[in-house]
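Chemist: Here it is, the structure, as structure tokens.
The values are calculated or read from the model by the stated rules, or taken from the named source; none is laboratory data. Being a predicted model, the structure only gives us computed values, none of them experimental. Note that each Cβ is placed from the backbone with ideal geometry, even for glycine, and that neighbours are counted across all protein chains shown. Side chains included, ligands, DNA and RNA excluded: accessible areas come from the protein's heavy atoms. Shrake-Rupley method; radii C 1.70, N 1.55, O 1.52, S 1.80 Å.
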Amino acid sequence: MKFFRLTLRCDRYGFQWRIGGVALIMILFGQLALAREPCRIRVIDSENRWPVPLVELRTTHGIRFVSDNAGVIAFDLPELMDEPVWFHIEGHGYNVPKDAFGYRGVRLTPTPGGELTVEVKRELPAKRLGRITGGGLFAESQSFGEHTEWREQSILGCDSVQNVVHRGRIHWAWGDTTLARYPLGLFQSIGATTPIWNRTDWKPPIKLRYEYITDQNGRPRNIAEMPGDGPTWLMGYASLRANDGSDRLVATYSKIKPPLTESEVGLCVWDESQKRFAATKSIWRLDSGKPKPDALPQGHSVLWEDADGIRWILFGDPLPSLRCRATFEAWCDPSSWEPLLPQTTIPSADNRQQIRPHRGSIAWNGYRKKWVTVFTQLGGETSHLGEIWYAESDSPLGPWTNAIHVVTHHRYTFYNPQLHPEFVAEDSPELLFEATYTHTFSKTAEPTPRHDYNQVLYRLDLNELH
């Protein structure tokens, strides 16, 4: 008989058994016969029957399961098969009613190879479509041979997105990036390009694939290695026409010293041949002794033509705090920048609250014929930075009114939301946006497996708001 090695792996518990030596086929097959198929649990929206990603089911002895992008959980606990099991539910805006003791959950009896369905009710207007960065987007489903065509891209986590349409494609950037090979990943921003995802079928399961900027081994690499210590974060992504007729991809960079001290701010321009950003101008340094300028081309950018036909590029996070003429040369010249004074609160639609924006973005919406914004609330009721609001204005400069609470994340952070008007037709009632789902700055000590520190996409149907 041939020598061989058999590896049995268990992802849920993270252990491996290795058996080497002479093939004891009868013994091995006897052991394998004890293996039991997992039970498929599907989590769906009770209203539209869509799969619901990022819903956590937790047993009474603390084992957590989280639905993947197809709303699937592979339940594989041998001690609870064929037993009535209570699952606590945490759905971040999707839930079930409380029982007589105040618990939110369901009682199910998992069986090997069986299938169960959990219906949850959406509490706020926006619909969660799924995670669009990181690893294991369909890990639970793939246990059942579903979505096996999905391939991983060597990324486990991505923080804070920037994107802009440039030369017919979407250019993307993310901040700090989690990798599998070491606790410290990439901290000089990574990037990608994609076609313009303009579609009409925005519902789960979501499968958005990026063409990452990679190294010689085909792995995502840094694209903003600016001189100096600490991470480099990119903000204010914009595509601007230069006097020579070319379109230039530009950004503002920040150098960060631990823990979160901004030590330098400057301008950088995309080098197409090198596939990386090159610093062109340092605007401010902490060691200069000078105060940081009140307004810089940071946050997210948007193009705007005023009543006099002048084209501007606006920068804000979320509401515009700086503008300059929409040319590459004006962006390069700080003396041409005009600071703006955004409002500090936005009244809720019922006029009972003044909502304090933390960060977010704005865009023109052809369906509402208004400027719209989504933003994270500073000091939300259930999470300090996890509540997302929507508001409108006749002008990008305000006033902004009628704020509506559209997304919640219980004791979790959901920061730096980015609107995606380019994902749909201009007159579509659908509004797409993403933000970073992370336990950072929250009261949660246990990050959500696979999902933490990643981008999650939501859909807001504007015709359902009014």
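Chemist: For the range 165-307, take every pair of Cα atoms, bin their distances at 5 Å starting from 0, and report each bin as a whole percent.
Modeler: Percent of pairs per bin, in order: 2, 8, 16, 20, 18, 15, 11, 6, 3, 1, 0.
Chemist: Moving on to the next point. Taking θ as phi - 60°, what are the ³J(HN,Hα) couplings along the range 48-55 by the Karplus curve (6.51, -1.76, 1.60), each to the nearest whole Hz, with x for Gly and Pro?
Modeler: Karplus values, whole Hz, x for Gly and Pro: 10, 6, 6, x, 10, x, 6, 10.
Chemist: Compare the peptides 288-301, 194-207 by average per-residue count of other Cβ atoms within 10 angstrom and give them in order, highest first.
Modeler: Result, highest mean Cβ count within 10 Å first: 288-301, 194-207.
Chemist: If the cut-off is a Cα-Cα distance under 20 Å, which aspartates and glutamates reach Lys369, setting aside same-chain residues fewer than 8 apart in sequence?
Modeler: Glu305, Asp306, Asp308, Glu392, Asp394, Glu422, Glu426, Asp427, Glu430, Asp461, Glu464
Chemist: Here is a further query. Considering the convex hull of the alpha carbon atoms of the range 302-367, report its projected area averaged over all viewing directions, in nm², one decimal.
Modeler: In nm², the orientation-averaged hull projection of the range 302-367 is 6.0.
Chemist: Now for a separate question. Starting from the Cα of Lys292, draw a straight line to each of the lysines and keep only those under 28 Å, dropping any in the same chain fewer than 8 residues away.
Modeler: The reachable lysines, counting only those whose Cα sits under 28 Å from Lys292, are Lys255, Lys257, Lys281.
Chemist: Protein chains only, probe 1.4 Å: how do Glu146, Glu119, Glu338 rank by accessible area, largest first?
Modeler: On the way: Glu146 40, Glu119 90, Glu338 65 Å².
Result of the area sort, largest leading: Glu119, Glu338, Glu146.
Chemist: Excluding Val66 itself, calculate the net charge of residues whose Cβ lies under 11 Å from the Cβ of Val66, where each Lys or Arg counts +1 and each Asp or Glu counts -1.
Modeler: That sum, taken over residues with Cβ under 11 Å, equals -1.
Chemist: Hey, what does the equivalent ellipsoid look like for the range 108-203, semi-axes from the Cα gyration tensor as sqrt of 5 times each eigenvalue, largest first, whole Å?
Modeler: 30, 20, 14
Chemist: Which value results for Rg/Rh of the range 337-466 when Rg is the Cα radius of gyration and Rh the Kirkwood radius based on the inverse mean 1/r?
Modeler: Looking at the range 337-466, the ratio lands at 0.97.
Chemist: Could you sort the peptides 356-365, 99-108, 41-50, 64-73 by per-residue average Cβ neighbour count (10 Å cutoff), highest mean leading?
Modeler: With the highest mean Cβ count within 10 Å placed first, the list reads 64-73, 356-365, 41-50, 99-108.
Chemist: Sum up the charges of everything whose Cβ sits under 13 Å from the Cβ of Glu430, counting Lys and Arg as +1 and Asp and Glu as -1, but leave Glu430 out.
Modeler: -1
Chemist: Suppose we keep just the alpha-carbon trace of the range 46-132; what are its Rg and Dmax in angstrom?
Modeler: For the range 46-132, the Cα-based Rg and Dmax read 13.0, 39 Å.
Chemist: Bin by bin, in steps of 10 Å, what percent of the Cα pairs in the range 368-415 do you find, going until the bin that has the longest distance?
Modeler: 30, 43, 24, 3
Chemist: Okay, helix-only estimate at 222 nm for the chain: each DSSP H run of n ≥ 4 adds -39500 (n - 2.57), divide by all residues, round to 500 deg cm²/dmol; what do you get?
Modeler: Calculated at 222 nm, the ellipticity per residue is -1000 deg cm²/dmol.
Chemist: Another one. Please provide three numbers in whole Å: the alpha-carbon extents of the chain along the principal axes, with the largest listed first.
Modeler: So the extents along the principal axes, rounded to whole Å, are 81, 56, 42.
Chemist: Summarise the accessible area of the range 30-183 (1.4 Å probe, protein heavy atoms) by the percent that is carbon and sulfur.
Modeler: Carbon and sulfur together cover 50 percent of it.
Chemist: Further, regarding this structure: Which of the GluC sites (Glu not before Pro) found in the range 400-447 are loop residues per DSSP with 12 or fewer other Cβ atoms within 10 Å of their Cβ? Don't skip to the answer; put the middle values down first.
Modeler: Numbers: sites: Glu422, Glu426, Glu430, Glu434; in loops: Glu426.
Loop-located and lightly packed - Glu426.
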